[in-house]
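Worksheet for the structure shown next.
What follows is calculated from the coordinates using simple rules that are stated; it is not laboratory data. Being a predicted model, the structure only gives us computed values, none of them experimental. Every residue, glycine among them, receives a Cβ derived from its backbone with ideal geometry; neighbour counts consider all protein chains shown.
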Amino acid sequence: MVYRLLKYVLLGPLLKLLWPTKVTGAENVPDTGGAILASNHLAVADSFFMPLRVKRRVTFPAKQEYFTEKGLKGTLKKWFFTGAGQIPIDRSGGSAAQAALDTAIRLLREGNLLGIYPEGTRSPDGRLYKGKTGVARVALEAGVPVIPVAMVGTDKVNPIGSKMWRPRRLEIRFGRPLDFSRYAGLSGDRFVERSITDEIMYALMELSGQEYVDIYAAKAKELMAAEAAGVRAVVPAQSGAPQSDRVPETRAG
């Protein structure tokens, strides 16, 4: 009920009014059944604008810290993020990481739409970074299609570190569903999961027009921080597709 109140009454109409958005490919999102919406990640605002343009409810995994802060502010945060369709995920690793995957798989098997950012964190510079293979494992275990989603312009609305959102026209592009059913039963195979993930990132690269960098975004942030501290470190400029030698015969249709 809170989700619908935020989307259709309190927050959604205001966002639509202040940030007009061009949407293409919305018909690629299925009307029923589980599916993954795999999006590039430019800003915190992504998690607000994308679900607003999808008829069905979209659930996003969110870091647990959003739900555990104490005091009135923490209570309000928990209420808001829960109402916005987000679920707490412990990202400390090990069994916590597996629990996060299990939660995502359960939601998909129940017929829900799950929003995932394969890069794992926001892009530090607007480029598209290497995807983590969790998205592939979840897709295989749940047996659902993956719809690539390109967010365009949200990094200008909500730059990293900004407290106020800026006016700008946005665009959201929903790509054709990627079907990985031919890999059924191969969950846990690292080569297969990497191939699937690279295929998803390739689709995102084509859809968004972003330059691709074949390292993880978290690593890129570390290198940038080191450089800012005076330690020479360079994030590789690597335009083009994800490593094609990892994706033999894997273009999904």
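Here the gap between R57 and W79, fully extended at 0.36 nm per residue and compared with their Cα-Cα distance, gives a gain of 6.3 nm.
For the pair S181 and E211, a Förster radius of 30 Å applied to the C-beta separation gives a FRET efficiency near 0.45, rounded to the nearest 0.05.
Here K55 is the anchor, and the aspartates and glutamates within straight C-alpha reach of less than 13 Å, apart from those fewer than 8 places off in the same chain, are E27, D31.
Of the labelled figures (1) 54, 49, 35; (2) 63, 49, 36; (3) 50, 48, 38, only one reflects Cα extents along the principal axes in Å as derived from the coordinates, namely (3). Short-range pairs are left out: with C-alpha atoms under 8 Å and at least six residues apart, the relative contact order of the chain is 24 percent. Distance between the 7 Å Cα→Cβ label points at D189 and V2: 4.2 nm. On full extension, the segment bounded by T68 and Q98 gains 8.8 nm, given 0.36 nm per residue less the C-alpha separation. When the charge dipole of the chain is built from unit charges on Cβ atoms (+1 for Lys and Arg, -1 for Asp and Glu) and taken about the Cα centre, the candidate among G126, L72, P242 whose Cα reaches farthest toward its positive end is L72. Listed by chain and number, the lysines whose alpha-carbon sits under 17 Å from that of K156, ignoring those within fewer than 8 places in the same chain, are K16, K22. Taking every DSSP beta bridge that has both ends in the chain, the antiparallel portion is near 20%. Once the C-beta distance of E222 and A26 is scaled by a Förster radius of 35 Å, the resulting FRET efficiency is 0.45 to the nearest 0.05.
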